[in-house]
Amino acid sequence: MATKQLFQILLKNRDGIKQGITKVQDIVTEYLSTTGARAISPDERFTINKEFSELAPSNVVNDIFGDFQGLQDDAADAVMDTPFTNKVREQNPDVEIRGNETFGELTEKLGKPKDQGLGSLFPKGTPGEIFDQKNSNRAEVAAFMKAMREAGIKNEDVTSVIKDKTNFKRQPAYEFFGSDKPKEVVDLAEGKRAATTLARAADMAADTKVKQELLANLDDDIANYGPDWWKGMGYNEGPMGRESVGNLLESMTTDINNGVIDDLIAQDILTEEAAFDIMRYVGRDKLKYDPKAFIRKITDELEMNDVKYDMTFWDNYVDEILTRIQKPEPRFADGGLV
């Protein structure tokens, strides 16, 4: 089993080895932590060394090998019988192993290991069982995944939510006609909360960390404050606790200005100097009471400078706030009955 795990680790890190990014110590550390072993055997050392000698850039080999340097001279030689080769033959009796295969040849012969997918977390049940809890779990998770995808959540985020947020509970099997055998059920509560956040971000086009943090603050306000706070129904009190509507609009344009700058820098789209230069040219002061016009001006300026940055979220953000701060029209505004 340990041999197969070593193959998997080496295969997964091939690109890093080729680029000189992954070091021997990285492989050793991952191997020991994965298998629980305290040390690696000489044949395992030989395998690691041989993979690096074949793949690592020649100008970094000396830096990579460290205490394995002494094995490097022999790494490319054919070795017909070693403890490692014998172990591979023992674990794969139906595969012809010469003993001088390269790592690439061995992975082709033994089959390339695959990353464990979601199916490994939710194995199929036994066909024909009356109470098939495993298949029930799979069906619940599959329905949840489908709903997330339909909500516009990206596949990698769907997978992350399922893997990171799903828990299993053991509950009395009261469905089993009085049996006291516990059953294992899927608990998607945390996953559903995470999916709700992701779906909200997808709806609002909050596709970066800066946008998502601002959206999270807005959603906290939505959850914690009633309509009077949003509309400013109190005496001499503006919307959202501001002194006036103008004060709120100015605050919104400031948030947009700072948020766009932070995002352009955080996404490595522009340098700090270039981002500030563009926003200075936009001229927030002239549009500080008109956030929608301010957004259009930023969009135009970014396009003129061939800067690829999606402003959709900022439009949605302003629309959400403006909708909430609007006071209802008087029922008899036109003098007639409604």
Taking region 301-313 as the region of interest, how many residues are surrounded by 12 or more Cβ atoms within 10 Å (Cβ to Cβ) and assigned to a helix (DSSP H, G or I)?
5
Does region 196-217 hold any residues that are surrounded by 16 or more Cβ atoms within 10 Å (Cβ to Cβ), touching a residue at least 40 places away in the same chain (Cβ under 8 Å) and closer than 14 Å to E320 by Cβ, and which are they?
M204, A205, A206, K211, L214, L215
What residue, among those in region 157-186 that are surrounded by 15 or more Cβ atoms within 10 Å (Cβ to Cβ) and in a strand (DSSP E or B), is modelled with the lowest pLDDT?
K183
For region 267-291, give me the residue count where each residue is outside any loop (DSSP other than H, G, I, E, B) and surrounded by fewer than 16 Cβ atoms within 10 Å (Cβ to Cβ).
9
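For (1) over 34 Å from the mean Cα position of the chain (by Cα); (2) at pLDDT below 95; (3) among the hydroxyl-bearing types (S, T, Y), each residue gets a yes or a no:
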site	(1), (2), (3)
A274	no, yes, no
Y289	yes, yes, yes
M304	no, yes, no
E329	yes, yes, no
Any chance region 250-257 includes a residue that's surrounded by fewer than 17 Cβ atoms within 10 Å (Cβ to Cβ) and of a type in the set (G, A, S)?
yes
Just wondering, is there one or more residues in region 229-238 that are assigned to a loop (DSSP other than H, G, I, E, B) and in contact with a Pro (Cβ under 8 Å, 6 or more places away or on another chain)?
yes
Taking region 26-39 and keeping only residues that are loosely packed, with under 13 Cβ neighbours inside 10 Å and not basic (K, R), one is left with T29, S33, G36, A39
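The values are calculated or read from the model by the stated rules, or taken from the named source; none is laboratory data. Because the structure is predicted, anything quoted here is derived from the model rather than measured. Methodologically, a virtual Cβ is constructed for each residue, glycine included, from the backbone with ideal geometry; neighbour enumeration extends over all protein chains shown.
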